[in-house]
Each structure stands twice: as structure tokens, then as C-alpha cells.
Amino acid sequence: MEQNSTIVKIDKDLEDLIPGYLENRRRDVISIREALKKNDLDAIRILGHSMKGSGGGYGFDRITEIGKLIEESAKNTDKEGIIGHIDGLSRYLDHIEIIYE
């Protein structure tokens, strides 16, 4: 276990789905960075909304929280906030340790 890791306990029934789910969130980070370059806040809002809706269902409450923050930042045209939340999501994804129960 890494020193800065965040332990997330996930239902064993979701074990096959989790790698793909997390990979999609990593793609979301890239997509949001690209959308920022294009000033496409609507695309960012939609991606944040999607994360907000899906995170908890897979056992990742933090992804739900970050998705909500991204969605709100996009609605408020807060680009610095979006960058901060995306950086936080990226760090979270890099440091989670999953325990299947």
C-alpha cells in the first residue's frame, strides 16, 4: 500500500467493472482538459454531471463529490475551479487502493 493511498472498499460483485470505470474517469480528465482549451463549459458540465451520478453507484463517493464540484464550476464559468477539481480527481485516481469485499 502506498503511503498516500486512499482505501476504497468496493462490493466484490463489481470487481470486473471497476477497472473499466476508473479508466473512463481517467479519460474524463483528458476530455475535460481538452474542453477547457476550447472553452466548452457545457461539455465539462455534462461530464461532471455524469461523474456525480455514477461515482456512488460504483462505491466511489469521492468521484461523485468531485463530479458535483466540476459541474458547479462549469455552471459558474470558474475555470480555475475546474482545473483544481480535475487535478484533485487525477490525484485521487492515482492513489486509490481498492479492497473488494
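Taken together, the values in this text are just the output of simple stated rules run on the coordinates, not laboratory data. Please read these numbers as outputs of a predicted model, since none were measured by experiment. Here Cβ is always computed from backbone atoms with ideal geometry, including for glycine, and neighbour counts include all displayed protein chains.
Going by amide H atoms built from the backbone, whose H comes under 5 Å of the H on residue 10, apart from near neighbours?
When sequence neighbours closer than 5 places are left aside, the close amide H contacts are 99, 100, 101.
With +1 on the Cβ of every Lys and Arg and -1 on the Cβ of every Asp and Glu, and nothing else charged, how large is the dipole of region 6-100 about its Cα centre, in debye rounded to the nearest 20?
Numbers: 15 positive and 18 negative charges, 52 e Å.
I would put it at about 240 debye.
Can you count the Lys pairs in the chain with C-alpha separation below 29 Å, eight or more apart or on different chains?
So the count works out to 16.
Measuring from label point to label point, each 7 Å out along Cα→Cβ, what is the residue 95 to residue 46 span in nm?
In this crude spin-label approximation the distance works out to 3.2 nm.
Would you please give the residues with an amide H less than 5 Å from that of residue 78, counting only those at least 5 places away or on a separate chain, with H modeled from the backbone geometry?
Close amide H contacts, sequence-distant or interchain: none at all.
Can you tell me which of 71-81, 32-42 comes out highest on packing, and rank the rest after it, using the mean Cβ neighbours within 10 Å?
71-81, 32-42
Short version: ³J(HN,Hα) in whole Hz for each residue of region 51-68, in order, from phi by Karplus 6.51 cos²θ - 1.76 cosθ + 1.60 (θ = phi - 60°), x for Gly and Pro, what are they?
5, 4, x, 9, x, x, x, 9, x, 10, 4, 5, 5, 4, 4, 5, x, 4
To the nearest 10 degrees, how steep is helix 18-37 against the longest Cα principal axis of the chain, on a 0 to 90 scale?
So the inclination is approximately 10 degrees.
Let me check against my output: what whole-number percent is the relative contact order of the chain, with C-alpha pairs under 8 Å and at least 6 apart? Mind showing how you got there, number by number?
On the way: 119 pairs, mean separation 41.6, N = 101.
Relative CO of the chain lands at 41 percent.
Candidates (i) 0.96; (ii) 1.29; (iii) 0.99; which is the computed Rg/Rh (Cα atoms, Kirkwood Rh)?
(iii)
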